[in-house]
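The values are calculated or read from the model by the stated rules, or taken from the named source; none is laboratory data. Everything quoted here is computed from the prediction, not taken from an experiment. When we count neighbours, we look across all protein chains shown, and the Cβ atoms used for this are built from the backbone with ideal geometry, even at glycine.
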Amino acid sequence: MAAFAIQAEGLSKQYRLGQHRHAYKTLREELGRATRALVRRNGDANGPGTIWALDDVSFEVEQGEVVGIVGRNGAGKTTLLKILSRITEPTRGYADLRGRIGSLLEVGTGFHPELTGRENVFLNGAILGMKRKEVARKFDEIIEFAGVEKFIDTPVKRYSSGMYVRLAFSVAAHLEPEILIVDEVLAVGDAEFQKRCLGRMDAIGKSGRTVIFVSHNMPTVTRLCQRAILLDRGRVVLDGRSEDVTAHYLHSDTGTSAHRTWPERAHAPGDDLIRLRSVRTVNTEGGTAHTVDIRRPVGIEITFDVLRSGPPVRPQVMITDESGLHSFNALDTDTRWQNSAEPGAYTSTAWVPGNLLNEGVVFVSVFVSTLSSQRTLQHVKERDIVSFQVADPLEGDSAKGEFAGRWAGVVSPLLEWTTDSVE
Amino acid sequence: MIEAGRKRATKPPTQPQTPPQQPEAQRLTRIKPSNRFFSLDLGELWRYRELGFILAWRDIKLRYKQTFLGAAWAIIQPVTTMVVMTLIFHQFLGINPEYHVPYVLFSYVGLLPWTYFNACLTQSSASIVGNSPLVTKVYFPRLLMPLASVISPLVDFFVASTILAGMFVYYRQAPHWHTIAAPVFMAIALMTALGLGLWFSALSVRYRDVPYALPFLTQLLFFMSPLVYPASDVPQRFRWLFALNPVTGVIDGMRWTVIGKGVPHYSVFGASAATGALILVSGLVFFRHTERSFADVI
C-alpha cells in the first residue's frame, strides 16, 4: 500500500464573526470592546459571535492521488485549502503532510507590474517555493510555455492581460512539489488557456504527485480526480469516487440544480442589452426535470429580457457530459430571431430528443449572443448553469437494451437495426 | 461491453513514478494549532533564505523605479536635511558642538545612521500590510518580510556615505581610525529599527492606526536624539532618559567612530545596546506570537 501524503485528523477552524476578511479595527474600537468585555465577562468560545468554518474534518490521501474538494460557497473549501497550505492555522486537530507542499491559490502571486517578465519569473518562483537554481534551469521552458520570449525584458505592466496570465501560470505549472494544492481560480482565462491549465494538472497528477484540487466545476473534478470529498457547512459529507460525489452534490440542494432564477435584474447574468431571468430543464409535462427518463425529450427553458432594440438575438445551449466533454451545441433557429429584437421578455426552449443523451449527469451552458453584420457579441455566457441526470429505467427499449452495466459514450442514440438471415 | 469511447483522463499508473527521492521529498510537516507561546524556528527561516534575499532584491529594485531622480534620492534627503539643520541650528541658533569639525560634518555623521534607522523602521513596519496579497495566498515564514525590508535602506546608506567621504576630502580631514567600529553602532540601529518594525508591522495587521502614529513617532525621535545638538549638551539630570533611547547611543557612537572625538560614556552605550536588544527580542516574541492570525485578520 502506498504511503500517505496527507493525513488530516479532526481539522477544525473557528472564526470570530467579522474576523474573517477586512476585520481590522482601530485601536479605539478595540479598547472599547475590551472595556465592555471586562464588564460583562463573556468568555464563551462557542458564543453567537463565532463560526466553525471547518468542523472535525478527517481524511487521508495517498501519494499520487488526485483528490477534488467540492462544496458550495462557504462550505469550508477555501479554509481547508488555506490550512493545508499553512497560510492559516487550524483551531483544533492536525494534518501531516509528506514532502514539499506547493500551493496555487492564485496565479501570479507577488507579480510586480514594474518588474520585467524575467524578474517576475524569479520572484514568483521563489514565492511559490522554488529554488533559484531550479527556476534558472527551467527558465527557458517557462517563457516558451508562456510564449512571451520577445517581451521577457519588458516590465509586465506593459503586457496584455493574456500575456500576464500566461506567464504567471507558466511559472506555477513548472512547480514540482510532492503535494500540490490548487484552487479553481487557476482555471481562469480563455478556453484555450483553461485547457492547457487542466492538461498540465492532469500531467502532474499522472507523474505520481499528490494533487488537492478545489473546484465548483463538476465536470473538471470528475475528469481530473479519481476521488472527491464533499464539504458542507465545514463537515465532510461524502468521500468517494468523484463521479458519485459530484452526482450527489449536484442533486442535493447544495449544488447547481435543474432550475436557476435571478429575481433581481441587477444581479442577473447579462448586460445592458440582455439579462437572464431563469434557466431550467423541463419535461414534456412542463415540470422542472431533475432526472429525465433516457427515452423522453427534455427541454432547456431560457427566460430572458431584451432591454432595448438591437441586432438579432441568438440563444444557444451547450451540452457537456460529466467528464467535461462537449456533447453538442445548438443555436435557436426560430425565425423570430431572424430580425432585430424588440424589447420584452422571452422564453426560448430547446428540446433535446429522447434516446440521445447517455446516462449520467448532463451540464447545460447557456449563451445569448447578438449577430450583426460586423460581429458576434456574447451577452450571456453561463457555463454549467443547470444540470440534470439522465437515467435509464432498464425496460429494454433504450440503446443498451437488456444490458444493465455502465454504458460508454457521450450519446446513446436508439438506432434502427435490421437483421437478415444469410445463407 | 463497449468501453472504448469512454474517456477517463485520470487513471493512476499502478506504480506511480515518484519524483527523485530528495530528503525534502519525504519530510513530514505537521500542521497543528501552535500551543507554544513562542518559537523562533530558525531552521524554517534558513530554508526560506532565498526568498528573503529575493524580497530584499525586489525592494532595492523597486525603490526608485519610475522616479525622475532615481537613486539620487538617497543623497538628496540627508544632504538637504543637513543644509537646513546647519542654517537653522548652527547659523541662526548658534549651536556649536565641541567636536572641532565643521557643523555640516557633525550633523551629517549623525544623519547617516538616523536616515538608515528611519527608513528601516518605516519599511519594516509597513512590510506585512504592504504585502498582504502574499500573506493571504502563500506560506512562508512571515519574519522574512520585515527582515528583507531592512536590507534595501542599507544600499541607501552606502550611497549617502559617499557624500561623507567627499566632505572629508573637501575639509582636508581623514576619518578617524575608530571608523572600523561603525558596524557595531549600525548594528544597534538595525536591531532597534527591526525590533520596532516587528512590533509595528504585527500591530498594523490588526490596527491601522500604525501608519498614522509612525511619522509622528519618528518626528519626536528626531528631536529626542542628539542630531542637531551634541549629547553632551543634554543636562546631566536628563542624561539617563536620553540614554534609554537607543538612537542616542548610535548617533553618539557614530560621531565618535568617524570624527574620533566625544567618547561615548559606557553607560550610555550600554543602555542603548540593552534597550535595542530588548526591543528586538520583545518584537520577535510579539511578532511570532501574533503571526498565526495574520492571514485571518489582515
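Descriptive notes on the structure:
- Single unsatisfied condition, A:Lys82 versus (1) buried (at least 21 other Cβ atoms within 10 Å of the Cβ); (2) in contact (Cβ under 8 Å) with a residue 24 or more places away in the chain: (2)
- Number of residues in region B:209-236 that are within 14 Å of another protein chain (Cβ to nearest Cβ) and not in a helix (DSSP H, G or I): the value is 1.
- Of all residues making up region A:276-291, the number that are more than 23 Å from A:Thr246 (Cα to Cα) and either in contact (Cβ under 8 Å) with a residue 60 or more places away in the chain or of a type in the set (Asp, Glu) (or both): 3
- Residues satisfying the stated conditions in region A:154-164, i.e. surrounded by fewer than 21 Cβ atoms within 10 Å (Cβ to Cβ) and either part of a helix (DSSP H, G or I) or in contact with a helix residue (DSSP H, G or I) (Cβ under 6 Å, 6 or more places away or on another chain) (or both): A:Lys157, A:Arg158, A:Ser161, A:Gly162, A:Met163
- Residues being touching a Ser or Thr at 6+ places or on another chain (Cβ under 7 Å), hydrophobic (A, V, I, L, M, F, W, C) and under 18 Å from A:Arg277 (Cα atoms) - total across region A:292-316: 3
- Yes/no for A:Ala399 being of a type in the set (A, V, I, L, M) and within 14 Å of another protein chain (Cβ to nearest Cβ): yes
- Among the residues making up region B:262-296, those that are buried (at least 19 other Cβ atoms within 10 Å of the Cβ) and aliphatic (A, V, I, L, M) are B:Val268, B:Ala271, B:Ala273, B:Ile279, B:Leu280, B:Ala295.
- For first residues located in region B:51-70 and closer than 12 Å to A:Glu114 by Cβ and without any contact (Cβ under 8 Å) to a residue 24 or more places away in the chain, partners that are in a helix (DSSP H, G or I) and of a type in the set (Phe, Trp, Tyr) and lie 6+ apart or on another chain with Cβ distances below 7 Å form the pairs B:Tyr64/B:Trp73; B:Thr67/B:Trp73.
- Contact map, region A:50-62: first residue under 14 Å from A:Ala95 (Cα atoms), second residue part of a strand (DSSP E or B) and acidic (Asp, Glu), Cβ cut-off under 8 Å, separation 6 or more or different chains; pairs are A:Ser58/A:Glu9; A:Phe59/A:Asp239.
For (1) away from chain B (no Cβ under 14 Å); (2) over 23 Å from the mean Cα position of the chain (by Cα); (3) surrounded by 13 or more Cβ atoms within 10 Å (Cβ to Cβ); (4) not hydroxyl-bearing (Ser, Thr, Tyr), each residue gets a yes or a no:
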site	(1), (2), (3), (4)
A:Val364	yes, no, yes, yes
A:Val368	yes, no, yes, yes
A:Ser372	yes, yes, no, no
A:Arg375	yes, yes, no, yes
A:Gln378	yes, no, yes, yes
A:Lys381	yes, no, yes, yes
A:Ile385	yes, no, yes, yes
A:Phe388	yes, no, yes, yes
A:Val410	no, no, yes, yes
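- Restricting the search to strands (runs of 3 or more DSSP E) fully inside region A:292-411 and requiring at least 3 residues that are touching a residue at least 40 places away in the same chain (Cβ under 8 Å) gives A:298-306, A:313-321, A:344-352, A:360-371, A:376-391.
- Residues of region A:231-288 satisfying the condition of being basic (Lys, Arg), more than 21 Å from the chain's Cα centre (by Cα) and modelled with pLDDT under 90: A:Arg265
- Every residue from region B:151-187 that is crowded, with 24+ Cβ neighbours inside 10 Å and either farther than 18 Å from B:Pro246 by Cβ or out of contact with any Phe, Trp or Tyr (no Cβ under 7 Å at 6 or more places or on another chain) (or both): B:Phe185
- Residue in region A:77-86 that is within 16 Å of the chain's Cα centre (by Cα), assigned to a loop (DSSP other than H, G, I, E, B) and assigned by TED's automatic domain parsing to the domain that holds A:Thr246 present: no
- Flag for B:Phe89 being among the hydrophobic types (A, V, I, L, M, F, W, C) and outside any helix (DSSP H, G or I): no
- For region B:28-38, a residue qualifies if it is surrounded by 11 or more Cβ atoms within 10 Å (Cβ to Cβ) and either within 13 Å of chain A (Cβ to nearest Cβ) or at pLDDT 80 or above (or both), and the qualifying residues are B:Thr29, B:Ile31, B:Lys32, B:Pro33, B:Ser34.
- Applying the criterion of at least 2 residues that are at pLDDT 90 or above and among the hydroxyl-bearing types (Ser, Thr, Tyr) to the helices (runs of 4 or more DSSP H) found wholly in region B:127-208 leaves B:152-170, B:182-206.
- Breaking point among (1) more than 7 Å from chain B (Cβ to nearest Cβ); (2) within 20 Å of the chain's Cα centre (by Cα); (3) in a loop (DSSP other than H, G, I, E, B), for A:Pro177: (2)
- Only one of the listed residues (A:Gly102, A:Gly125) is facing chain B (nearest Cβ under 10 Å), touching a residue at least 40 places away in the same chain (Cβ under 8 Å) and over 30 Å from A:Ala53 (Cα atoms). That residue is A:Gly125.
- Filter pass, B:Pro183 being more than 19 Å from B:Ser107 (Cβ to Cβ) and out of contact with any strand residue (DSSP E or B) (no Cβ under 9 Å at 6 or more places or on another chain): yes
- Within region A:67-76, being under 14 Å from the mean Cα position of the chain (by Cα) and either surrounded by fewer than 22 Cβ atoms within 10 Å (Cβ to Cβ) or within 12 Å of B:Ile31 (Cβ to Cβ) (or both) holds for A:Arg72, A:Asn73.
- Scanning region B:237-295 for residues that are within 21 Å of B:Gly195 (Cβ to Cβ) and in a loop (DSSP other than H, G, I, E, B) returns B:Leu244, B:Asn245, B:Pro264.
Quick grid of which residues meet (1) touching a Leu at 6+ places or on another chain (Cβ under 6 Å); (2) assigned by TED's automatic domain parsing to the domain that holds A:Arg275:
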position	(1), (2)
A:Leu377	no, yes
A:Val380	yes, yes
A:Ile385	no, yes
A:Trp407	no, no
A:Val411	yes, no
A:Thr419	no, no
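- Among the residues of region B:123-156, those identified as without any contact (Cβ under 8 Å) to a residue 40 or more places away in the chain and more than 10 Å from every other protein chain (Cβ to nearest Cβ) are B:Gly130, B:Pro153, B:Leu154.
- Hey, A:Val317 under 28 Å from A:Pro263 (Cα atoms), at pLDDT 85 or above and touching a strand residue (DSSP E or B) at 6+ places or on another chain (Cβ under 9 Å) or not: yes
- Checked against (1) within 14 Å of chain B (Cβ to nearest Cβ); (2) over 17 Å from B:Pro133 (Cβ atoms), A:Glu114 meets all criteria but (2).
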